[in-house]
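Written below as structure tokens is the structure these notes are about.
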Amino acid sequence: MAETEESSWVYKNRDAPVEARVKDLLSRMTLPEKIGQMTQIERSVASPQVITNSFIGSVQSGAGSWPLEDAKSSDWADMIDGFQRSALASRLGIPIIYGTDAVHGNNNVYGATVFPHNIGLGATRDADLVKRIGAATALEIRASGVHWTFAPCVAVLGDPRWGRCYESYSEAAKIVCEMSLLISGLQGEPPEEHPYGYPFLAGRNNVIACAKHFVGDGGTEKGLSEGNTITSYEDLEKIHVAPYLNCIAQGVSTVMASFSSWNGSRLHSDYFLLTEVLKQKLGFKGFLVSDWDGLETISEPEGSNYRNCVKLGINAGIDMVMVPFKYEQFIQDMTDLVESGEIPMARVNDAVERILRVKFVAGLFEHPLADRSLLGTVGCKEHREVAREAVRKSLVLLKNGKNADTPFLPLDRNAKRILVVGMHANDLGNQCGGWTKIKSGQSGRITIGTTLLDSIKAAVGDKTEVIFEKTPTKETLASSDGFSYAIVAVGEPPYAEMKGDNSELTIPFNGNNIITAVAEKIPTLVILFSGRPMVLEPTVLEKTEALVAAWFPGTEGQGMSDVIFGDYDFKGKLPVSWFKRVDQLPLNAEANSYDPLFPLGFGLTSNFG
Ligand code: BGC
């Protein structure tokens, strides 16, 4: 009898309208079930019992939290399906939504295609390409059983000293707005009649996107991570809120709150920005997730009085909390706050409705488990081709020859002997940057891909001898006559978030000296791998023949050889102003005193291809 009744419940009917399903399910939920939906825990504390008994709404993998070392997509899918079965075993059988930071491809997974970081994509100015990257990434994410990526970061960059500079598409809000088209690639394209702000997911080959970090994360003073963005509301709206309009118009399902503050007010407890602006004014109807342990940022000193943080955060408009570990305390505090009336039941219902709406829209109730037929898409040739195209288009040519009449590039692929130098020439991890395998990234052959050196070797003729040295030896420099030219690949090691904050921005590992030492002896092309502009000493600019900004291009190194050997033209344009000295920062392209080394939009073109 109960069986028949249950199967006729509206929320179980896939043909019923989403809003009717949401209302029906909400009406059947107890307070613990509602609070459970608002709770996101980390994989390492997620056991079947916890998921089933605490009615957990979401599980995530913090960067680097894999099922096992070098886990493949199928290992991920096995793990996530296991968690999902525990959720389905709960009283109402509400599926979990599993999230990861797949921010430049499904970068946590061994063998996945890794695309250039956002700063490089901003240099392409090619929104359609970015959308195709989103679609390819969605397939690879979905193959691993994950439903939700914490991407894109739509921060508008204020200062390259920020350790997350490379997660931003540009310092120009307009470019960030255009590049947010990644969402239509990830989630699929919303239909014409789709109501503005309504979450949308086209189908099982798509993933839920998350626009982050709301708002002003890129505008903090001195580029400090989790710092303070000091600006009027008018400017905040014009610069930092602007991309969210584009994201919401595409039906972005989720938004993440920022660790940063606005004029001293912590975003995680800012009712005006989270509720009045994002939800009411911009009409966002998806759900708002906190950042990792973000509620703690509300208190002074950070982490004290967690109960009060929960109260302020939820009442300000946070719908799901990335707890991620101390879920027992979160659930206890939430229960207490709702029972005492400090968090109104209406606020809880609103949060849960938003979460359920996304789950229904995403088809999670009908298709909770991984689709193994997608496994073949992981790191497939087609996706690597898209990444290679992105690399080609992201390279910015800053110098080519001593003057326009004597271009140095393209390089001669049949030269007799060439020298390749630098820590970044043959290091896939350095080429990928942060948020690859683990949050801070790692040097070395950390996944499958092609380094710059691999791609040079594949591009040159059979008779060309390629000599590679991480740091050039005295002997090599002494016998420099024998080399037709040198390619010097230097730059930043991988890093992420706070650890990347840097007030000096000099090229690490003696970069400027290595460039000068080689360029003094051999005609040199420098390829700079970095998440941002770096200090370029005048001697470097003077002595090198050619200079290319390659950002963090990812696994497809051939995109670089495609262009330096002249099969394709250089197309990239700077997404960020290149300063002369750090004491000029922050540089503002609209200021009268604007005096960059290379302005926003700079990029020499070539006519090779
Ligand atoms: C970052 C977010 C990320 C989250 C989950 C935080 O430290 O600020 O961008 O999505 O971790 O890994």
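Take every Cα-Cα pair in the range 464-546 and report what % of them are more than 19 Å apart.
Value for the range 464-546 (Cα pairs over 19 Å): 39 percent.
Quick one: 3J(HN,Hα) in Hz for the range 591-597, Karplus 6.51/-1.76/1.60 with θ = phi - 60°, rounded, Gly and Pro as x.
Calculated HN-Hα couplings, in order: 7, 5, 7, 4, 9, x, 6 Hz.
Give me the percent of DSSP beta bridges within the chain that run antiparallel, rounded to the nearest 5.
Around 15 percent of the beta bridges assigned by DSSP in the chain are antiparallel ones.
Given Cβ point charges of +1 (Lys, Arg) and -1 (Asp, Glu) and nothing else, what value in debye, to the nearest 20, does the dipole of the chain about its Cα centre take?
Value, rounded to 20: 800 debye.
Which chymotrypsin sites (Phe, Trp or Tyr not before Pro) does the range 1-65 hold that lie in a coil by DSSP with at most 15 other beta carbons within 10 Å?
Answer by residue number: Trp9.
Hey, which aspartates and glutamates would be in cross-link range of Lys437, C-alpha to C-alpha under 18 Å, not counting anything within fewer than 8 residues on its own chain?
Glu42, Glu69, Asp70, Asp75, Asp101, Glu140, Glu167, Asp427, Glu492, Glu497, Glu556
Which peptide among 458-465, 492-499, 221-228 comes first, and what is the full order, when sorted by highest mean count of other Cβ atoms within 10 Å?
Per-residue Cβ counts within 10 Å, averaged per peptide and sorted highest first, yield 492-499, 221-228, 458-465.
Hey, what did the range 395-584 get for relative contact order, percent, Cα under 8 Å, at least 6 apart?
Value for the range 395-584: 32 percent.
Return, for the Cα atoms of the range 395-584, the radius of gyration and Dmax in Å, separated by a comma.
15.7, 48
Counting only DSSP beta bridges with both residues in the range 395-584, what percent are antiparallel, rounded to the nearest 5?
Here the share of antiparallel DSSP bridges comes out near 20 percent.
Run the simple label-point estimate for Ala20 and Asp567 please: 7 Å along Cα→C-beta, distance reported in nm.
5.6
List the lysines whose alpha-carbon lies under 27 Å from that of Lys463, not counting same-chain residues fewer than 8 positions away?
Hits, sequence-local ones excluded: Lys416, Lys474, Lys521.
Which pairs in the list Lys285/Lys439; Lys393/Lys580; Lys399/Lys543 are over 18 Å apart, alpha-carbon to alpha-carbon?
Beyond 18 Å: Lys285/Lys439; Lys393/Lys580.
Using modelled amide H (1.01 Å from N, peptide plane; none on Pro or chain starts), what sits under 5 Å from the amide H of Arg417, excluding residues fewer than 5 places away?
Glu465, Ser484
From the backbone phi of the range 230-238, what are the Karplus-calculated ³J(HN,Hα) couplings (6.51 cos²θ - 1.76 cosθ + 1.60, θ = phi - 60°) in whole Hz, Gly and Pro given as x?
Whole-Hz 3J(HN,Hα) from phi for the range 230-238: 9, 6, 6, 4, 4, 6, 4, 5, 5.
Taking every eigenvalue of the Cα gyration tensor of the range 133-239, multiplying by 5 and rooting it, what semi-axes result, largest first, whole Å?
After scaling each eigenvalue by five and taking roots: 28, 16, 11 Å.
Normalising by the residue count of the chain, find the relative contact order in percent from Cα pairs under 8 Å and 6+ residues apart.
16
Rank by packing, highest mean first: peptides 74-80, 401-407, 390-396, with packing defined as the count of other Cβ atoms within 10 Å averaged across residues.
Ranking, from highest mean packing down: 390-396, 74-80, 401-407.
Could you give the Stokes-Einstein D for the range 75-219 in µm² per second, using the C-alpha Kirkwood radius, 20 °C, 1.002 mPa s?
Estimated diffusion coefficient is 134 µm²/s.
For Ser373, what is the net charge nearby, where nearby means another residue's Cβ is under 11 Å from its Cβ and Lys, Arg count +1, Asp, Glu -1?
Around Ser373, the charge tally is +2.
When you have a sec, figure out the Kirkwood radius of the chain from all distinct Cα pair distances and drop it here in Å to one decimal?
That comes to 24.8 Å for the chain.
For Glu221 and Asp336, FRET efficiency with R0 = 60 Å and r from the beta-carbon atoms, rounded to 0.05?
My answer for the efficiency is 0.95.
Would you calculate the volume per residue, in Å³, of the smallest convex hull containing every Cα atom of the range 270-381?
Spelled out: Cα convex hull of the range 270-381, divided by residues, is 162 Å³.
So how many Lys-Lys pairs in the range 117-271 land under 18 Å Cα to Cα, not counting same-chain pairs under 8 apart?
Lysine pairs meeting the criterion: 5.
Search the structure for amide H atoms under 5 Å from the amide H of Lys399, placed 1.01 Å from N in the peptide plane, and list their residues when 5 or more places away or on another chain.
HN-HN under 5 Å from Lys399: Leu547.
Rounded, prolate or oblate: pick one for the range 262-311, where a ≥ b ≥ c are the square roots of the eigenvalues of its C-alpha gyration tensor, a/c under 1.5 means rounded, and failing that, prolate if a/b is larger than b/c, else oblate.
prolate
At 1.4 Å probe size, put Thr30, Thr476 in order of accessible surface, largest to smallest.
The ranking, largest first, comes out as Thr30, Thr476.
Would you grab the residues whose amide H sits under 5 Å from the one on Met256? Only those 5+ places off in sequence or on another chain, please, with H modelled 1.01 Å from N.
Ala211, Lys212, Phe214, Val289
What are the ³J(HN,Hα) values, in whole Hz, obtained from phi via the Karplus relation 6.51 cos²θ - 1.76 cosθ + 1.60 with θ = phi - 60°, for each residue of the range 171-182 in sequence order, with x given for Gly and Pro?
Values, residue by residue: 7, 9, 4, 4, 5, 4, 4, 5, 6, 5, 4, 3 Hz.
Can you name the helices of the chain, as whole DSSP H runs, whose Cα span along the helix axis is 20 Å or more and whose Kyte-Doolittle mean is not below 0.0?
Span-like helices here: 127-143, 345-361.
How would you order 251-257, 483-489 from highest to lowest mean count of nearby Cβ atoms within 10 Å?
Highest mean packing first, the order is 251-257, 483-489.
The values are calculated or read from the model by the stated rules, or taken from the named source; none is laboratory data. Note that the coordinates shown come from a computational prediction; the quantities given were computed from them, not determined experimentally. FYI the Cβ positions are ideal-geometry reconstructions off the backbone, even for glycines, and counts take in every protein chain you see. To get the accessible areas, we keep the full protein, side chains included, count just its heavy atoms, and leave off ligands, DNA and RNA. Shrake-Rupley method; radii C 1.70, N 1.55, O 1.52, S 1.80 Å.
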